[in-house]
Amino acid sequence: MKENNEPLVSIITVVYNGEKYLEQTIDSVLNQSYKNIEYIVVDGGSTDGTLDILKKYGDKITKWVSEPDEGLYDAMNKGIGMTKGELIGMINSDDWYELDAVEQMVNAYKNNPTKTIFHADRYDVEEDGSRKVRKFHPSAFKLKYYGMTYNHPSMFITPGEYEKHLYNTKLRSMSDFQFVLEAYLRDKETLFYLDNAIVNYRLDGISAQLSLWNSLKEGIAVRKISGMNIFENIFSFFVKIIVTMINKIRKI
């Protein structure tokens with residue numbers, strides 16, 4: 001489906017009891033400079049005012065569902081299954097896009113037809129509302145042996161990439177990391193970087209609450225699933241510990 005020969009873009013918002021920020025998220029999608037968008041909201045059965053907000057915007061949201069799920073990544077996969085677009089973006093219910101985010105990504109998509117994962121920089125938003133740009137870090141070493149260097153909230157991904165793999169619902173908070181690492185190790189040339197911040201990300205998500213030990217355990221699982229061998233995994237384990245210790249010393 002195209003409007004004025006422009007590709008249809010699917011935007012997915014996953015939410016559960018997200019009444020505090022959801023309206024800002026919705027407005028950032030509906031007010032995009034790029035207009036050929038289908039907007040899908042997947043609610044996990046909220047018990048707060050989330051459903052009232054969805055009903056308020058019901059005539060502007062393409063489709064929304066509210067039902068129990070198995071967590072964040074299950075809801076993401078469910079949303080992907082509902083899409084019809086040539087490009088799929090994922091914006092969570094406490095984040096929001098810059099108003100030309102989709103337009104920028106569509107231009108990148110049209111100019112780079114061999115790419116399947118488009119990503120950019122993001123703004124990290126503190127509790128006081130201040131924000132700072134988090135740049136994509138291009139180091140392959142850091143991605144493989146330390147942690148996520150890409151900004152998943154900025155990503156727009158083709159359906160073809162999602163046909164190869166979805167988000168792993170067995171992981172608690174690093175399924176986006178596993179998705180990116182697996183794609184990178186398979187063929188890093190499928191990723192395209194846009195050097196600009198297009199999304200605002202609040203620093204209070206699941207990954208920010210994960211303990212070091214749980215982070216280490218889930219990191220091992222991520223690398224194993226993505227195809228890294230046991231020696232690479234052991235090496236990454238010690239890299240993570242050493243870097244964490246150095247960072248703690250610097251803060252003293």
* To do: Might you check whether a residue that is more than 16 Å from the chain's Cα centre (by Cα) and either assigned to a helix (DSSP H, G or I) or not β-branched (Val, Ile, Thr) (or both) occurs anywhere in segment 151-160?
  => yes
* Asked: Scanning for something farther than 19 Å from Val14 by Cβ, surrounded by 18 or more Cβ atoms within 10 Å (Cβ to Cβ), among the small types (Gly, Ala, Ser) and at pLDDT 95 or above, does segment 193-202 turn up at least one residue?
  -> yes
* Enumerated helices (runs of 4 or more DSSP H) restricted to segment 170-252, each holding at least 1 residues that are in contact with a His (Cβ under 8 Å, 6 or more places away or on another chain), touching a residue at least 24 places away in the same chain (Cβ under 8 Å) and charged (D, E, K, R) -> 175-187
* Taking the residues in segment 87-127 that are among the polar types (S, T, N, Q), touching a residue at least 40 places away in the same chain (Cβ under 8 Å) and out of contact with any Asp or Glu (no Cβ under 7 Å at 6 or more places or on another chain) as candidates, determine which candidate is surrounded by the fewest Cβ atoms within 10 Å (Cβ to Cβ). => Thr114
* To do: Return the total of residues in segment 15-38 being closer than 20 Å to Lys84 by Cβ and either surrounded by fewer than 15 Cβ atoms within 10 Å (Cβ to Cβ) or in contact with a Leu (Cβ under 7 Å, 6 or more places away or on another chain) (or both).
  => 5
* Could you say whether any residue in segment 113-120 is in a loop (DSSP other than H, G, I, E, B) and β-branched (Val, Ile, Thr)? -> yes
* Asked: Is there any pair with a first residue in segment 136-160 that is touching a residue at least 12 places away in the same chain (Cβ under 8 Å) and at negative phi and a second that is part of a helix (DSSP H, G or I) and aliphatic (A, V, I, L, M) whose Cβ atoms are under 6 Å apart and which are 6 or more apart or on different chains, and what are they?
  -> Tyr145/Val239; Tyr146/Val239; Thr149/Leu143; Tyr150/Val180; Phe156/Met105
* **Candidates Lys63, Lys84, filtered to the one that is among the basic types (Lys, Arg) and touching a residue at least 40 places away in the same chain (Cβ under 8 Å)** => Lys84
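To keep it simple, each residue is scored yes or no on (1) crowded, with 17+ Cβ neighbours inside 10 Å; (2) among the β-branched types (Val, Ile, Thr); (3) closer than 17 Å to Arg202 by Cα.
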| site | (1), (2), (3) |
| --- | --- |
| Ser130 | no, no, yes |
| His137 | no, no, no |
| Phe141 | no, no, no |
| Ile157 | yes, yes, no |
| His165 | no, no, no |
| Leu171 | yes, no, no |
| Asp176 | yes, no, yes |
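The values are calculated or read from the model by the stated rules, or taken from the named source; none is laboratory data. Quick caveat, the model's predicted, so the values are computed rather than measured. Virtual Cβ from ideal backbone geometry, glycine too; neighbours counted across all protein chains shown.
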